[in-house]
Amino acid sequence: TDKDGNKEYFEIKKVLDTRSNKTGVVILPNPISNEVTAFLNLSKAQTVSITITDINGKVLKSRTAKYSEGSTGVTMLTNDLPKGIYFLRTAGEDFTDVQKLIKQ
């Protein structure tokens, strides 16, 4: 809101803090509905495998690709998954990360 009362709205942006050189994974949104995005912050270029499993460990979705150093977002569709609890596992050459997903 300006001093004269005029309002302007801006779209929401996702921001990752990439100042540290650490490898990290942030997943958004959670709970999920139709898709989930894993934001990767990689310390070096590497092959990364991303899998979504059910609570019993059965792999339901999988993607493997080579990603360059820095930040990137990888989106996976989840509209065909029923409501429930899942796990998103991200594994690279120098890291592994597992996070719980809730499908609404």
Problem - Those residues of segment 31-44 which are touching a strand residue (DSSP E or B) at 6+ places or on another chain (Cβ under 7 Å) and open to solvent by less than 70 Å² (accessible area, probe 1.4 Å), in sequence order - result: PRO31, ILE32, VAL36, THR37, ALA38, PHE39, LEU40, ASN41, LEU42
Practice task
Please indicate, with yes or no, whether at least one residue in segment 57-65 is part of a strand (DSSP E or B), open to solvent by 80 Å² or more (accessible area, probe 1.4 Å) and of a type in the set (D, E, K, R).
Solution key: yes
Exercise for the section: Considering only segment 69-104, state which residues are in a loop (DSSP other than H, G, I, E, B) and either without any contact (Cβ under 8 Å) to a residue 60 or more places away in the chain or open to solvent by 70 Å² or more (accessible area, probe 1.4 Å) (or both). Expected result: GLU69, THR78, ASN79, ASP80, LEU81, PRO82, LYS83, GLU93, ASP94, GLN104
Practice task
Could you tell me which numbered condition SER49 fails, if it satisfies all but one of (1) in contact with a strand residue (DSSP E or B) (Cβ under 6 Å, 6 or more places away or on another chain); (2) of a type outside the set (Val, Ile, Thr); (3) over 21 Å from TYR86 (Cα atoms)?
Solution key: (3)
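The values are calculated or read from the model by the stated rules, or taken from the named source; none is laboratory data. Every value quoted in this text rests on a predicted model; they were computed, and no experiment measured them. In this analysis, Cβ positions are derived from the backbone assuming ideal geometry, glycine residues included, and neighbour counts consider all displayed protein chains. Each accessible area value is taken on the protein alone, full model and side chains, heavy atoms only, with ligands, DNA and RNA left out. Shrake-Rupley method; radii C 1.70, N 1.55, O 1.52, S 1.80 Å.
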